[in-house]
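Rule-based calculations on the coordinates, nothing more; no lab input. What you are looking at is a predicted structure, and each value in this text was computed from that prediction instead of being measured. Don't worry about glycine lacking a Cβ; one is built from the backbone with ideal geometry, like all the others, and counts go over all protein chains shown.
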Amino acid sequence: MNTIASSVQNLLLSALPTAQFEHFSRHLELVPLPLGKVLYECDSHHAYVYFPTDSIVSLLYMMEDGHSAEIAAVGREGMVGVQLFMGGETMPNSAVVRSAGSAYRLNSRVLKDEFRLGESLQTLLLRYAQALFTQTALTAVCNRLHTVDQQLCRSLLLSMDCLACTQLKMTQELMASTLGVRREGVTEAAGKLQAAGIIKYSRGRISVVSRDGLEARCCECYDVLRKEFRRLLPVTPALAMAA
């Protein structure tokens with residue numbers, strides 16, 4: 001890992017060579033991301049991309065009746081706004097902060113200019129985009145084929161990776177909205193995990209007691225995604241947490 005960039009706490013930025021990061025970093029601005037802040041609206045034009053440091057941003061698809069479901073989660077392993085450097089000026093989904101913290105904000109024009117130069121940044125972002133698309137596809141499959149219990153385990157594991165911690169601020173309403181299921185289903189699934197001693201839940205806070213327990217109860221989707229991130233990116237959340 002680039003020892004200079006590692007202090008920014010975003011693994012994509014940390015993976016840049018020192019010289020390129022020093023040039024790139026002049027345009028980065030650390031900004032707070034409060035819970036519920038909408039970074040992107042569906043089909044609107046966006047002036048910035050975001051590199052989270054200690055926050056989670058949900059990429060949500062909103063239905064006409066107001067219901068929504070998360071199609072991907074972005075934390076310190078990645079960035080929000082990949083469509084902008086791939087040629088699309090808008091996105092078909094919204095991006096909303098579901099775990100408060102901070103992120104580095106970058107003007108999208110600067111990113112596009114740097115991306116066109118090629119070199120390490122272009123390769124890194126294209127590989128991350130492929131990993132993110134894999135997450136989106138696996139989320140769709142998981143939501144269709146696997147139980148709410150398995151989906152909750154996958155979501156908790158991804159959240160831990162995004163934040164590199166075992167303490168999560170997440171209400172049952174938020175969990176249900178994230179998974180696109182009824183709150184009663186999440187309450188039952190969380191109750192099973194707590195009864196098994198895998199998590200502790202109190203007042204909107206989840207403490208993961210046993211990561212191994214979550215992985216044992218999760219479907220194969222999380223493991224496939226973890227392997228894909230390891231294959232494509234030089235540093236992944238799971239690897240960083242194990243270091």
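Here is how the numbers come out for the structure above:
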| read-out | value |
| --- | --- |
| The chain: angle of helix 183-195 to the longest principal axis, Cα-based, in degrees nearest 10 | 80 |
| Descending Cα extents along the principal axes, the stretch 180-237, whole Å | 37, 24, 20 |
| Trypsin sites (Lys or Arg not before Pro) within the stretch 124-185, DSSP loop, no more than 11 other Cβ atoms inside 10 Å | Arg182 |
| Angle between the chain longest axis and helix 119-145 axis [Cα atoms, degrees, rounded to 10] | 20 |
| Within the chain, longest stretch clear of exposed GluC sites (Glu not before Pro) (DSSP loop, no more than 15 other Cβ within 10 Å) | 90-243 |
| P(r) tail fraction, the stretch 121-183 - alpha-carbon pairs more than 19 Å apart, % | 41 |
| Rg to Rh, two decimals, where the stretch 95-225 supplies the alpha carbon set and Rh follows Kirkwood | 1.04 |
| Spin-label pair Glu41/Glu119, simplified geometry with 7 Å Cα→Cβ offset, distance in nm | 3.7 |
| Label-point gap, in nm, between Glu173 and Val31 - each point 7 angstrom along Cα→Cβ | 2.6 |
| Size descriptor, Kirkwood hydrodynamic radius, that averages inverse alpha-carbon separations across the stretch 5-121, Å | 14.5 |
| Alpha carbon centroid spacing (whole Å) that separates the stretch 200-227 from the stretch 53-116 | 23 |
| GNM flexibility winner over the chain from Ala176, Ala216, Ala69 (Cα, springs under 10 Å) | Ala216 |
